[in-house]
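Colleague: This structure is in structure tokens; I'll ask about it shortly.
The values are calculated or read from the model by the stated rules, or taken from the named source; none is laboratory data. Note that this is a predicted model, so its numbers are computed, not measured. We place every Cβ from the backbone using ideal geometry, glycine too, and count neighbours over all the protein chains shown.
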Amino acid sequence: MSPPLPAREPAAARTHGPEEARRGPTLSTPYCRAELASEGPEALLRFAGALLGEEAEPLATFLEKVHARLLELRCREVTLDFRRFELVSPIAFNGFVHWVSLVQAAPATARYRIRFLADKERTWQRVALYVLQGLGGDIVAGTEAS
């Protein structure tokens, strides 16, 4: 595993910033960064680093904010870029399961598709994609890249 990413705020996980309304939600923990990097009908959500068990709650809050923002923007598809995402604990992974359930619970006309961009060398990403595709049906798709 690569060295941990430096924390922006050492003692706490941040799930939003002062510019969130303009640029979209962000997540910053001692080991992970995530941001809604582009918005519109096709959005990009990037993750880097690792998510540990104690970061499960900030992740869930972050993904709920992302979901609300994507609904507001009437997004049709979001690409979830996991290529720089090294590890996610099983407890934190539940945040992604919850996010898929939020999309499924949205009115059919508001639902968006989640496309995963995974690193084919990281077995856990392939397994995670398989699990989320099984839960999400046609709203979850995946692409492997190196």
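Colleague: Mind checking which residues of region 101-146 are crowded, with 16+ Cβ neighbours inside 10 Å, aliphatic (A, V, I, L, M) and part of a strand (DSSP E or B)?
Modeller: Passing the criteria: 114, 117, 118, 140.
Colleague: Kindly list the number of the only condition in (1) β-branched (Val, Ile, Thr); (2) over 20 Å from residue 28 (Cα atoms); (3) free of Cβ contacts under 8 Å to residues at least 40 places away in the same chain that fails for residue 140.
Modeller: (3)
Colleague: Still on this structure: Considering each of 39, 57 in turn, give the residue that is touching a Gly at 6+ places or on another chain (Cβ under 8 Å), modelled with pLDDT under 95, over 15 Å from residue 125 (Cβ atoms) and not hydroxyl-bearing (Ser, Thr, Tyr).
Modeller: 39 is the lone residue from the list that is touching a Gly at 6+ places or on another chain (Cβ under 8 Å), modelled with pLDDT under 95, over 15 Å from residue 125 (Cβ atoms) and not hydroxyl-bearing (Ser, Thr, Tyr).
Colleague: Residues of region 85-128 being acidic (Asp, Glu) and over 16 Å from the mean Cα position of the chain (by Cα), which ones?
Modeller: 121
Colleague: Looking at region 4-25 only, could you name the residues that are at pLDDT 50 or above, out of contact with any Phe, Trp or Tyr (no Cβ under 8 Å at 6 or more places or on another chain) and under 24 Å from residue 117 (Cβ atoms)?
Modeller: Of everything in region 4-25, those that are at pLDDT 50 or above, out of contact with any Phe, Trp or Tyr (no Cβ under 8 Å at 6 or more places or on another chain) and under 24 Å from residue 117 (Cβ atoms) turn out to be 23, 24.
Colleague: Tally time: how many residues in region 101-130 are farther than 19 Å from residue 74 by Cβ and touching a helix residue (DSSP H, G or I) at 6+ places or on another chain (Cβ under 8 Å)?
Modeller: Result for region 101-130: 6.
Colleague: Among the residues of region 46-83, which ones are of a type outside the set (Lys, Arg) and closer than 17 Å to residue 129 by Cα?
Modeller: 47, 48, 50, 51, 63, 77, 78, 79, 80, 81, 82
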